[in-house]
Amino acid sequence: MAAVPKIIVVGGGLAGLSSVIKIAEAGGKVDLFSIVPVKRSHSVCAQGGINAAKNLKGEGDDVFKHFDDTIYGGDFLANQTPVKNMTAQGPAIIDLLDRMGVPFNRTPEGLLDFRRFGGTLYHRTAFAGATTGQQLLYALDEQVRRFESEGKVQKYEGWEFLSAVLDEAGVCRGICAMDLRTMEVKTFHADAIIICTGGNGAIFGKSTNSVVCTGSAASALYQQGAYYSNGEFIQVHPTAIPGEDKLRLMSESARGEGGRVWVPRKKGDPRPAKTIPEADRFYFLEEWYPKYGNLVPRDIATRAIHRIVYQEDLGIDGQPMVYLDVSHIDRETLEKKIEGILEIYEKFVGEDPHEVPMKIFPGVHYTMGGLWVDFNQMTNIPGVFAAGESDYSIHGANRLGANSLLSCIYGGFVAGPQAMLYAKNLPAQKGDGGAAKEEVRQREFNNILLQNEGTENPFKLWRELGDTMTRHATIIRYNAGLREADEKIVDLLARYRNINLSDKSAWANTSFAFARQLYNMLQLARVIVQGAEKRDESRGAHYKPDFTERNDEKFLKTTMGSYDPIADAPVITYEEVDTQWITPRPRRYDASA
Amino acid sequence: MAETKVTPKSIKVEVKRQATPETAAFVEKFEFPYRSGMNITSLLGEIAMAPVTTEGKQTTAVTYDSNCLEEICGSCAMLINGKARMACSALVDKLMAETKDGVISLAPLSKFPVVRDLAVDRSVLFENLKKVQAWVPIDGSYDLGPGPRQFPQIQEERYPLSNCISCTICMEVCPQFNEATGFVGAATIAQAKLFNMDPAGAVLKEERLRALAGDGGIQECGFAQNCVQACPKQLPLTEAISDMGRDVFVQQVKDFFAR
């Protein structure tokens, strides 16, 4: 048993930094591994805000209403106890961030301001302009830098997690990681590790995610025996700006501040948007969902937009695009509340959203599924914890906007102390705990990859993966299409063995790092499509026209994906869901106002 | 600039490359069929898919830092057509129009050690942030209830400073940022102001001001104003430097008489 517990945290976004802070404060030793300098983590991209039921708007909001909105928004798939705990801690978490210096928007009385977000009727989203993820990430980054300057945290930036070191009993004793500059493979001892590596949008090719969001670390653990749960639940955000290299997020806060989604009533209406009079505009979310209007949950909005474009054939100029209009909102409000996202639109599209409606379309955005964890954030591998977007625990079948930032910090704040507690009770390892063996295994994979004399380019294989996943495994799913996707992925895995890296150097070799991630993406993609295929119902973000109803009897269960190394394929089983606090009820947002 | 309605046939780019920190730099040229709406990061993605130079030489994908692709993570700062900017928001169409011959040039930032190709080591900024204690020294992360009330005007002045993405473009373009002066650069000074303005962060105000006095500190600023012009997030850098300059001076006077 270690005198001072040593914990490794993988991933330096909100969840990872939250874990680090708790461990450092508790006197543990912590190493933080991150592919990029931690303040460049994907959390920085989050825009709209963070939820907590502080009830500062005189609405009678409370943590139970937040809990119910979250469970309902997730279509009852999430285990309820962790969600209840998260919403209960929401107010304290926001207060802490305020004390850390996050420049949240304020009311004239000097209190935190709150906006309304999707899937709720209450103003419970605290925000810093429309770049809230940036300010939250920086606040935690600053706290960790303070600990670093005091010698309590060691950062390994520019390193990538390859695998966990597991001893003969299958207990985690550290990690194996690669220095992305020297390409050196090394093992690091730890009493427990916390995986905070985010989502897997890169599997879909284009998404709102950052380059590092490959799900590679989670996939590596899945291949080592960790359960990957609810992989088929992928959030497609309704409002993204289409782009060459990325779908750039246009935050829900645009709608929170009064933005309206519409298309011209007349198909192919040639008039410039500004000149189309109100009567000729179809505000379809407001008409179809009078109570929640433009702030229906994301899966509802995404399917509505999909229907408008592909069934009603009303996309702008016949293109897969609809209008998101903030031009009717006064300049001062726009500047104070959402200037950051309007600047993104102007910079990348070249049109001024203060003047003309924005053109948007849904895009892959968030991974509700992830590594299975118990209520203490530990996976089924002893000593491996997970938190944030990389775990499956909070958002069920669909995530509410502004709950992600909260879930990341909550998860990290649980995982840190739990990892310390676990480490204090851990029997000492025998020998090197399996480190040498794991290092050899990883080096062998690397050598094979580097020396392979094939013809396939990993970036091209990745394009093909993205195409098939986007086509078959996003908004609308058919079993035949999902089977086709799985066959395609198996084919890509075969072609992977014929890979040839244009770059065989042993210094800052980004092609090589990418090729390793690609292998893991391919393995994880199969969990997503197979889980989707087997779930014959529609629930939250998972929609099948052939099975449009929710089937609680058969599928109010967590999908458990596990890796069969003999068959080199996923095995899908199911686990019961904790519904002890709120009885499942039908999920409808189309009630009249 | 003459308006041309002719769609270009191809996109030409030349990249200043370097295999390791110790080896010599060299230039490679690439050409791709034209597509509208590209940015530099998608162009570098094209090179990765088909890494062949215009001379037909098989080469490697270009190494560069990037993550968010939307100008918020601060990774992809580089010299594009000689100007320091973010690669993700540098639109190819505009860049081609800027040049005489339509060839876009890419090079790494010049004031930081090259790691490989367009990736450089900017860790000096993070070290500088430690020097000015760019954080709020909270007692602990346990629940102590809400922070103090704060006028919206304070938030409105702090928020723009909190938009700094640590891209180091301000340092790249600053004539005073070089090895001779050891100047911390505009970003660090702006962060010091951000924390001095926070009700709880202000407890370290004097220490931050002392950290900015003396060699490498605020006195190195020569008022070139390159920083505020080049900052991709339009931080009010010169205003921050001016405010902090005054505060540093006042603190030095106080210290002179008090200590």
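When A:PHE114, A:PHE127 are screened for being within 11 Å of another protein chain (Cβ to nearest Cβ), modelled with pLDDT of 95 or more and crowded, with 24+ Cβ neighbours inside 10 Å, only A:PHE127 passes. Taking (1) in contact (Cβ under 8 Å) with a residue 12 or more places away in the chain; (2) surrounded by fewer than 17 Cβ atoms within 10 Å (Cβ to Cβ); (3) outside any loop (DSSP other than H, G, I, E, B) in turn, B:LEU194 satisfies each apart from (2).
The number of residues in the stretch A:451-469 being surrounded by fewer than 20 Cβ atoms within 10 Å (Cβ to Cβ) and touching a strand residue (DSSP E or B) at 6+ places or on another chain (Cβ under 7 Å) comes to 3. Flag not set for B:LEU204, criterion: surrounded by 22 or more Cβ atoms within 10 Å (Cβ to Cβ) and either touching a residue at least 40 places away in the same chain (Cβ under 8 Å) or in the same structural domain as B:CYS88 (by TED's automatic domain parsing) (or both). Being surrounded by fewer than 24 Cβ atoms within 10 Å (Cβ to Cβ) and either in contact with a helix residue (DSSP H, G or I) (Cβ under 9 Å, 6 or more places away or on another chain) or not aromatic (Phe, Trp, Tyr) (or both) is the requirement here; does A:GLY60 meet it? Answer is yes for this residue.
Screening the stretch B:1-87 for strands (runs of 3 or more DSSP E) wholly inside it with 3 or more residues that are farther than 30 Å from A:SER251 by Cβ returns the ranges B:10-17, B:26-33.
Filtered by the rule that a residue be facing chain B (nearest Cβ under 10 Å), without any contact (Cβ under 8 Å) to a residue 12 or more places away in the chain and assigned to a helix (DSSP H, G or I), the stretch A:328-353 gives A:GLU335, A:GLU343, A:LYS347.
Of the candidates B:VAL173, B:VAL132, the single residue that is in contact with a strand residue (DSSP E or B) (Cβ under 7 Å, 6 or more places away or on another chain), more than 7 Å from chain A (Cβ to nearest Cβ) and either under 23 Å from A:PHE127 (Cα atoms) or surrounded by 15 or more Cβ atoms within 10 Å (Cβ to Cβ) (or both) is B:VAL173.
May I ask you to list the residues in the stretch B:99-131 that are under 29 Å from B:LYS12 (Cβ atoms) and among the polar types (S, T, N, Q)? Hits for the stretch B:99-131 are B:THR99, B:SER105, B:SER110. Is it fair to say A:ASP374 is surrounded by fewer than 21 Cβ atoms within 10 Å (Cβ to Cβ), in the same structural domain as A:PHE413 (by TED's automatic domain parsing) and either aliphatic (A, V, I, L, M) or assigned to a loop (DSSP other than H, G, I, E, B) (or both)? Yes; evaluated as a whole, the condition is true for this residue. Filtering the stretch B:88-115 to residues that are within 11 Å of another protein chain (Cβ to nearest Cβ) and more than 21 Å from B:CYS68 (Cβ to Cβ) leaves B:ASP93, B:VAL114. Scanning the stretch A:202-245 for residues that are among the β-branched types (Val, Ile, Thr) and in a strand (DSSP E or B), we see that the one that is farthest from the chain's Cα centre (by Cα) is A:ILE241. The residues of the stretch A:450-464 that are among the aliphatic types (A, V, I, L, M) and modelled with pLDDT under 95 amount to a single one, A:LEU450. Annotation: of all residues in the stretch B:165-191 being out of contact with any Phe, Trp or Tyr (no Cβ under 9 Å at 6 or more places or on another chain) and in contact (Cβ under 8 Å) with a residue 60 or more places away in the chain, the one that is farthest from B:GLN155 (Cα to Cα) is B:ASN178.
The values are calculated or read from the model by the stated rules, or taken from the named source; none is laboratory data. The model shown is predicted, which means the values in this text are computed figures rather than measured ones. Reconstructed Cβ throughout: ideal geometry from the backbone, glycine too, with neighbour counts over all protein chains shown.
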